[in-house]
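Nothing in this text is a laboratory measurement; each read-out follows from the coordinates by a stated rule. Source: prediction; values computed, not measured. Using ideal geometry, Cβ is built from the backbone for each residue, glycine included, and neighbour counts are taken over all protein chains shown.
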Amino acid sequence: MSNRIKVLIVDDSAYSRQTIKRMLETDKDVEVVGVAADGVEAMAKTMKMKPDIITLDFAMPQMDGFSFLRWLMKERPLPVIMVSSYSDIKTVFMALELGAADFIAKPSPRASTDLLRIQNDLLQKVKGIKSMSMDKLGASRELVQQDPRPFDEGSCSAMSGKQMPSIEIVTIGASTGGPAALQVILTRLPAGFPAGILICQHMPKGFTEPFAERLNRLAKIKVKEAAEGATVEKGTALICPGGYHMTMKVKSRQIRVALKDSTGGDRYIPSVDIMMASAADNFGANSDRYGK
């Protein structure tokens with residue numbers, strides 16, 4: 001039995017369908033099992049082809065991407081990567097809240113060889129998403145759609161009390177599925193959260209600032225896009241701007257953000273590893289790591 005990742009491509013543009021197919025098939029670990037021009041055709045092919053992952057456009061005839069996504073998450077939950085030229089922040093985060101695991105913005109809404117520029121990002125996301133648990137994606141989606149229930153404030157207060165050592169900073173790294181998970185976490189923290197928070201979310205330029213503004217409207221703590229030299233303060237989350245890596249500098253007990261330009265050889269931008277390594281360098285044995 002083949003262990004290749006089976007992908008269904010859903011896009012109303014014949015050019016986009018074939019270009020995405022060619023890009024994916026450059027990797028021997030990926031198999032395109034079918035293509036569909038709209039949500040109705042995609043429903044039938046999802047049931048017949050049983051793909052592992054679906055790439056999905058927003059705007060399509062008969063049944064658009066949002067309607068198909070609602071059906072899919074109810075009837076046959078699968079990881080979905082939105083690939084669309086409709087990449088405004090409101091549209092993207094609506095798709096993520098409905099259950100999409102990630103998104104890629106097409107360079108141009110027109111049929112163009114510019115589409116080839118997304119090949120590396122697309123393959124990374126497809127190969128990285130295969131191991132994701134749909135149970136976890138589904139849980140995040142359900143929690144996002146609920147009214148936020150704050151974490152127990154007593155447990156947060158204990159962080160700065162005698163039960164635990166004082167925590168100055170929390171670092172969070174997220175990639176596929178991260179936006180929904182971050183919304184769940186940050187909207188449930190109390191305004192008096194006793195530590196600063198640094199976040200690296202794998203997200204392109206132009207999206208991190210409106211993402212931070214959106215979370216700031218929803219959360220009790222402050223959420224901002226990080227800037228060079230910004231002070232890390234209690235009750236504030238700073239999100240690394242797209243296109244940069246985020247590190248920190250500690251001087252006279254004050255923690256400040258230090259941004260680094262990305263390079264062409266970087267696999268992930270921003271890099272969670274770079275941020276975590278900086279935390280370890282600055283806090284050494286006082287650093288604790290928690291993961292999934």
Legend entry - FRET efficiency estimate (nearest 0.05) - Cβ-Cβ, Tyr268 to Glu31, R0 25 angstrom: 0.50
Inset, instruction - Evaluate the distance, in nm, between pseudo-label points positioned 7 Å from the Cα of Lys220 and of Ala277 along their respective Cα→Cβ axes. - result: 3.7 nm
Inset, instruction - Would you mind computing, in nm to one decimal, how far apart the modelled labels at Gln119 and Lys234 are, each placed 7 Å from Cα along Cα→Cβ? - result: 5.3 nm
Legend entry - Count of Lys pairs (Cα-Cα under 24 Å; at least 8 positions apart or interchain) in the stretch 153-286: 19
Inset, instruction - Between Val40 and Lys90, take the C-beta separation as r, use R0 = 22 Å, and let me know the FRET efficiency to the nearest 0.05. - result: 0.30
Legend entry - Gain in span if fully extended, Ile167 to Glu213, counting 0.36 nm per residue against the direct Cα distance: 14.0 nm
Inset, instruction - Could you tell me whether the stretch 153-286 comes out rounded, prolate or oblate from its Cα gyration tensor? Rule is a ≥ b ≥ c as square roots of the eigenvalues, rounded for a/c under 1.5, then prolate if a/b exceeds b/c, otherwise oblate. - result: oblate
